[in-house]
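None of the figures in this text is laboratory data; all of them are computed from the coordinates on show. This one's a predicted model, so the numbers in the text were calculated from it and none came from an experiment. Here the Cβ positions follow ideal geometry from the backbone for every residue, glycine too, while neighbour counts run over all protein chains shown.
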Amino acid sequence: MDDPANPSGEKLVFIDPGSHFEIRALPAHADAEAAAILAPATGEGTPEAAASVIADLRGDDGAALYGAYVDRALVGAYGIKRDGMANTVALIAVAPDHRMRGIGRAMLTDALRRSGKRPLTAETDEEGLPFYKACGFKLVGRRVHPSGTVRYRIGWHAPGLRFKGGSSGALTSQPITPVAPPPSGKDDPS
């Protein structure tokens, strides 16, 4: 059966099927809706600024956009792109009426999973820093933006994983390989 909300056929990432929450690739027809949600995450705070970042991400082969949905309604979005040996969260935001419910944390966890063995970084302002720290990010650097605001560079990597060079296929779908069950012991000659 085809899913009308997922015409591309891409596998959905269900976070909590009981609450009808999922994260999946953001279709291009939802860009304007996503720009309205992502506006606060831009320095300018406007949907036009968010639309510009979305367009840049759409034009970048090393980038991807994802939406968070509750009952098939877009409630959050994020963009991720390759940045040297790491991946960077370019934008992330949750609609105001859906904040403080774990959706932002779930999107960052999804971004880390998609990042694979590559570290995940982001840049934020003073207001966003507590959110990222609560999600496990560590402060990497600090700089003063030309506008005078302080920007923080933060990073996170999957526990136990270290990047040793080469491509991790971070922004591509990786098939799940089933694990064979252990032998039952009936045919074990020892």
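Would you kindly derive the ³J(HN,Hα) couplings of the stretch 37-44 from the backbone phi angles with the Karplus curve 6.51 cos²θ - 1.76 cosθ + 1.60 (θ = phi - 60°), listing them in order in whole Hz, with x for Gly and Pro?
For the stretch 37-44, the Karplus curve yields 6, 7, 3, x, 7, 8, x, 7 Hz.
Give me THR109, THR124 sorted ascending by neighbouring Cβ count inside 10 Å, so fewest comes first.
Listed from fewest to most nearby Cβ atoms, that is THR109, THR124.
For the residues ILE103, ILE23, what sequence is obtained by ranking on other C-beta atoms within 10 Å, fewest first?
Neighbour counts put them in this order, fewest first: ILE103, ILE23.
In terms of the Cα gyration tensor, with a ≥ b ≥ c the square roots of its eigenvalues, is the stretch 13-119 rounded because a/c is under 1.5, prolate because a/b exceeds b/c, or oblate?
oblate
Using θ = phi - 60° and the Karplus relation 6.51 cos²θ - 1.76 cosθ + 1.60, list the HN-Hα couplings for the stretch 138-146 in order, rounded to whole Hz, with x at every Gly or Pro.
10, 5, 10, x, 9, 8, 9, 5, x
In what sequence do GLU127, GLU33 fall when counting other Cβ within 10 Å, fewest first?
Neighbour counts put them in this order, fewest first: GLU127, GLU33.
Select from the stretch 52-97 those trypsin sites (Lys or Arg not before Pro) which occupy a DSSP coil region and have at most 14 other Cβ atoms within 10 Å, ordered by residue number.
Here the sparse-neighbourhood loop sites are ARG72.
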